[in-house]
Amino acid sequence: MTRLLGPAVGVVAVYVVVLAAPFVAPYDPAVQHRDHPLAAPTALHMIDRDGRFHLRPFVESEDADGATHAYPLRVFARSSDDVDTGRGSRHLVSVDPPANLFLFGTDTLGRDQFSRLLYGGRISLGVGLLATALALGVGLLLGSLAGFFGGWIDAAVMAVSDVFIALPWLYLLLALRAAMPLDVAPARALASIVIVIGIAGWARPARLIRGVVLSVRNRDFVAAAAASGASPARVLRSHVAPAALSVALTQASILIPQYTLAEITLSFFGIGIGEPTPSWGAMIGVMLRQELTIAHWWLAAPAAALIGVSLLYHATADALQRRTLALGVTR
Amino acid sequence: MRRWLVAVLLTAVAAAPPIAAGAARAQPADASTQATDRMVVDGDIGRSGGTLVVAARAEPKTFNPIAALDSPSRDVIWRMQADLIHINRETQRAEPALARAWTVSPDGLHYVINLRRGVRFSDGHPFDADDVVFSFNAYLDERLHAAQRDLLLIGGKPIAVRKIDALTIGVDLPAPYAAAERLFDSVAILPRHRLEAPWKAGTLAAAWGVATAPAEIVGLGPFRLERFRPGEDIVLARNPNYWKEDRAHTPLPYLARLTFAVVPSEEAQVVRLRAGELDVLNRVSTQHAATLDRDQASAPYVLRDLGPGLEYHFLFFNQNESVPAAVRAKQAWFGDDRFRRAISLAIDRASLVRLAYSGRGTPIWGHVTPGNRLWANTAIAHPAASTSAALALLTQAGFTRGADGTLADARGTAVSFSILVAAGNAALNDMAAIVQDDLRKLGITVQIAALDFSAVLSRVLESHDYDACLLRLVSGDVDPNPEMNVWLSNGPTHLWHPLQTKPATDWEAEVDRLMREQMTTLDAAARKQLYDRVQAIVAEKLPLVPLVSPNIIVAAKRTLGNFRPAVLDHYTLWNAEQLFWRTAEGRR
């Protein structure tokens, strides 16, 4: 259990942070600080130029005359980022203008990388989660039916799954995007990405679930339950479902980072959510400009975040698999 | 000087006699027995020998000048071929090449062109008028689909090229055509003795493919093909029969070899330039320019920023008649001059240059860039970006802003549209994001649709299923005539509304008239006035909202002599015959 707890807590923490992006992020992710393109991460100081220690970290910023001033970090302060109404939302940390707090630097258009990373995480990790739910839901249903009933149902489901596995999805999606309306709102784009990834991905979990169900169905205790008059629905619910669900949970922890990666691939090829809404895929796409990334290493932040989240998920999957094996469900 | 006399041969041709008005006299007929009438070119006097290694993004698809449609093929081919009259990439003016001199009739319809004596192809065969007539007939052959064929049609009718004698040809134009001598640029004069047979057999389009033996490929250019290793390099060797020489009468080219190394990615090209494995990069993007610029003080290469070229980036709105219903609903906005002017005013071009091009670009308000020194209308205003001025214009046009800041038209419809952009172009995508942000300040919602380039073109030119598009055009020449298809209302690349049966607006009718008039006006100053007016109309009506002209940036080894890059293609090798190594170590 302790093997599972650490990574699972880590995964939950990541989701909490990205869900709280409007509060945690210092800036609106779309705001272009046009005087600060490709700015390096802002240095936080606790010791000023006179050697005095400050309990509250501060950032330094030059005024128009070239004089440097210290701007202390403000916690839970209301920002002035909403230009139209003059009052912004509260943020975990911020600094007063004209200083800037670019914790992970800025991109080519001067947008705060840290804020974009958090908001982008909502899209990328959200897509991973929702698409997995969809793919596993469909996979669980069809895989269970195929495994439990066998016969023509099994043959039909497996034939369709073969077709889905064999389809060149990326090329199909590129062609589909070219034929779609151009003015797709971000919410619709998000929904279509989730649906596309979910629909494209049900076949593999379905085959796995089918195998588990097939294996469980032939066990003695299932045969005994059926012989003692239990209905197929009861057998499915009481004996087959627990085994399948356990496998599905392990599958989920593998599929979520995979589908997050799928969103990233789609965004990378320009099929994702359009500007200015950030996503990790769109942000990683900038790394194609290698010279830019070598000179401005902070542009690699979304790739580092993706690696970290993937490791957490894989640790969770590993722990879940060990737990499943220990319980002897799949044996 | 009579106004129809084309003034040429100012500095370049020492050996050429003065040009007489009217038809040129016939020249001696036996071309092969004459001493070579060499062309003397100006520049530093160099040293012969050495190899120059140039980066190529892709390998050539063909060595056939007629069949070549792609830049990698043309880049190599034009180092091996020559034309009659050439546009000097540095001065941007037409100058003699294989044509020693020419005259034009008072009505501008008939040219008489004298060819150089004693010139030989790279295989030693003499060049004469039969080669010229054969070449033009081949280029004009509809079956071959030569890219240059359209340029040799005037009013849909082909020019006629006839032999007067072995060293004189006559060219008859179906209609007067200003600066017609520029038509001859980039029409390679082909060896009739090699290619007439395949032409007659109908196989000319397939001739001189990449598998052809190097000795079979013959030309009048400074180099000849020595070796082609697919995926690796193309090695050209000096053509000993080349017809140019330097001021000291040393035959050109200086270089013994010119190698095109196939390096597909720009990243790898930059790495290999820094490692000294490549000598010239013909185009450096702004992002790599920053890196190369930073290191160049201690590096053996020099980075040259030539300023704006002939490429211009612009935004335009769909004004076609046959469009999907969703687009039609927005065309009341797109067709309103004030709306387009407001959009132009709201876009901060300085930010586009600073953020999308790292400062290596020039904001533009007219479609002829400052890189076109001969034709740019310098009187076009450069209004500063202003959201408030844009909003005032929109208010005049009946638009209003709601309590939430959203802009709505007179019927209350919120203003929202998509901008189509090619997915692979990072700078254009950055520009789209900046334009989106600028227009947000007006209360306009913009969605950016990044599609594959072929899908972009298909929507713009065929299905017309788009709202607005961010695109770029690169003029092949400084002269306005090659852009007739863009500005004539019935042109296939009249991007915002192509192939109109009659001009949709009064100002498009006016542009049609001006463009047609300038095309047949032989007086250069009068042409300039006419084209200035076209530029002024475009800047006022903004069918294309001009935004930025990116700088042309190139790089080369410091020790390369006569390296004088220009903003007309080919930027770095246009004077390949004059390039030389100043020091022994550069010579490999």
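The values are calculated or read from the model by the stated rules, or taken from the named source; none is laboratory data. Keep in mind it's a predicted model, so treat the numbers as computed, not measured. Heads up, the Cβs are rebuilt from the backbone with ideal geometry, glycines too, and the neighbour counts pull from every protein chain shown. Just so you know, the surface numbers come from the protein's heavy atoms only, side chains and all, with ligands and any DNA or RNA stripped out. Shrake-Rupley method; radii C 1.70, N 1.55, O 1.52, S 1.80 Å.
Observations on the model:
- The number of residues in the range B:255-275 being open to solvent by less than 20 Å² (accessible area, probe 1.4 Å) and out of contact with any strand residue (DSSP E or B) (no Cβ under 6 Å at 6 or more places or on another chain) comes to 1.
- Checking each residue of the range B:185-202 against the condition of being of a type in the set (Ser, Thr, Tyr) and either under 25 Å from B:GLU95 (Cβ atoms) or open to solvent by less than 50 Å² (accessible area, probe 1.4 Å) (or both) gives at least one match.
Matching residues to (1) at the interface with chain A (Cβ under 7 Å from one of its Cβ atoms); (2) within 24 Å of B:SER549 (Cβ to Cβ); (3) open to solvent by 10 Å² or more (accessible area, probe 1.4 Å); (4) touching a His at 6+ places or on another chain (Cβ under 9 Å):
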| position | (1), (2), (3), (4) |
| --- | --- |
| B:ILE419 | no, yes, no, no |
| B:ASP430 | yes, yes, yes, no |
| B:ASP438 | no, yes, no, no |
| B:ILE444 | no, no, no, no |
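- Inspection of the range B:204-212 finds no residue satisfying the criterion of being within 14 Å of chain A (Cβ to nearest Cβ) and more than 23 Å from the chain's Cα centre (by Cα).
- Residue check for B:ILE234: at pLDDT 95 or above, open to solvent by less than 10 Å² (accessible area, probe 1.4 Å), under 20 Å from B:ASP123 (Cβ atoms) and not in a helix (DSSP H, G or I): yes
- Residue that is surrounded by the most Cβ atoms within 10 Å (Cβ to Cβ) [pool: residues in the range A:147-161 that are modelled with pLDDT under 90 and part of a helix (DSSP H, G or I)]: A:GLY147
- Per-region count, the range B:360-405, residues assigned to a loop (DSSP other than H, G, I, E, B) and within 11 Å of another protein chain (Cβ to nearest Cβ): 3
- Criterion violated by B:ASP523 - all others in (1) open to solvent by 30 Å² or more (accessible area, probe 1.4 Å); (2) touching a helix residue (DSSP H, G or I) at 6+ places or on another chain (Cβ under 7 Å) satisfied: (2)
- Some residue of the range A:172-184 being within 14 Å of another protein chain (Cβ to nearest Cβ), among the β-branched types (Val, Ile, Thr) and in contact (Cβ under 8 Å) with a residue 12 or more places away in the chain: yes
- Residue within the range A:110-128 that is among the hydrophobic types (A, V, I, L, M, F, W, C), open to solvent by 40 Å² or more (accessible area, probe 1.4 Å) and either touching a residue at least 60 places away in the same chain (Cβ under 8 Å) or farther than 29 Å from A:SER279 by Cα (or both) present: no
- Breaking point among (1) farther than 20 Å from B:THR62 by Cβ; (2) at pLDDT below 95, for B:LEU255: (2)
- Scanning the range B:312-326 for residues that are within 14 Å of chain A (Cβ to nearest Cβ) and either among the charged types (D, E, K, R) or surrounded by fewer than 23 Cβ atoms within 10 Å (Cβ to Cβ) (or both) yields a count of 4.
- Among all residues of the range B:465-481, there is none that is open to solvent by 30 Å² or more (accessible area, probe 1.4 Å), polar (S, T, N, Q) and assigned to a helix (DSSP H, G or I).
- For B:GLY412: the one exception among (1) more than 11 Å from every other protein chain (Cβ to nearest Cβ); (2) open to solvent by less than 40 Å² (accessible area, probe 1.4 Å); (3) not in a helix (DSSP H, G or I): (2)
- Residues in the range B:284-305 that are over 29 Å from the mean Cα position of the chain (by Cα) and at the interface with another protein chain (Cβ under 10 Å from one of its Cβ atoms): B:ARG294 only.
- Single match in A:SER246, A:SER310, A:SER228 (criterion: open to solvent by 50 Å² or more (accessible area, probe 1.4 Å), away from every other protein chain (no Cβ under 14 Å) and not basic (Lys, Arg)): A:SER228
- Qualifying residue in the range B:126-137 (condition: without any contact (Cβ under 8 Å) to a residue 40 or more places away in the chain and open to solvent by less than 10 Å² (accessible area, probe 1.4 Å)): no
- Scan of the range B:264-283 for residues that are under 23 Å from the mean Cα position of the chain (by Cα) and more than 14 Å from every other protein chain (Cβ to nearest Cβ), ordered by number: B:VAL280, B:ASN282, B:ARG283
- Only one entry of B:ARG349, B:ARG373, B:ARG360 meets the criterion of being open to solvent by 20 Å² or more (accessible area, probe 1.4 Å), in contact with a strand residue (DSSP E or B) (Cβ under 6 Å, 6 or more places away or on another chain) and touching a residue at least 40 places away in the same chain (Cβ under 8 Å), and that entry is B:ARG360.
- Residue in the range B:347-359 that is under 24 Å from B:TYR531 (Cα atoms), of a type in the set (Val, Ile, Thr) and not in a helix (DSSP H, G or I) present: no
- The single condition among (1) open to solvent by less than 60 Å² (accessible area, probe 1.4 Å); (2) over 26 Å from A:ALA301 (Cβ atoms); (3) in a helix (DSSP H, G or I) that A:GLY66 does not meet is (3).
- Verdict on A:LEU142 being away from chain B (no Cβ under 14 Å) and surrounded by 19 or more Cβ atoms within 10 Å (Cβ to Cβ): yes
- Filter result for the condition that a residue is farther than 27 Å from A:LEU129 by Cα and not acidic (Asp, Glu), over A:ALA262, A:ALA305, A:ALA300, A:ALA225: A:ALA225
- Per-region count, the range A:276-323, residues without any contact (Cβ under 8 Å) to a residue 40 or more places away in the chain and either within 24 Å of A:ALA191 (Cα to Cα) or touching a Phe, Trp or Tyr at 6+ places or on another chain (Cβ under 9 Å) (or both): 4
- Just so you know, in the range A:1-57 the residues that are closer than 30 Å to B:MET431 by Cβ and acidic (Asp, Glu) include one that is most open to solvent (accessible area, probe 1.4 Å), and it is A:ASP35.
- Residues satisfying the stated conditions in the range B:548-588, i.e. more than 19 Å from the chain's Cα centre (by Cα) and either modelled with pLDDT of 95 or more or in a strand (DSSP E or B) (or both): B:ALA555, B:ALA556, B:LYS557, B:LEU560, B:GLY561, B:ASN562, B:PHE563, B:GLU577, B:GLN578, B:LEU579, B:PHE580, B:TRP581
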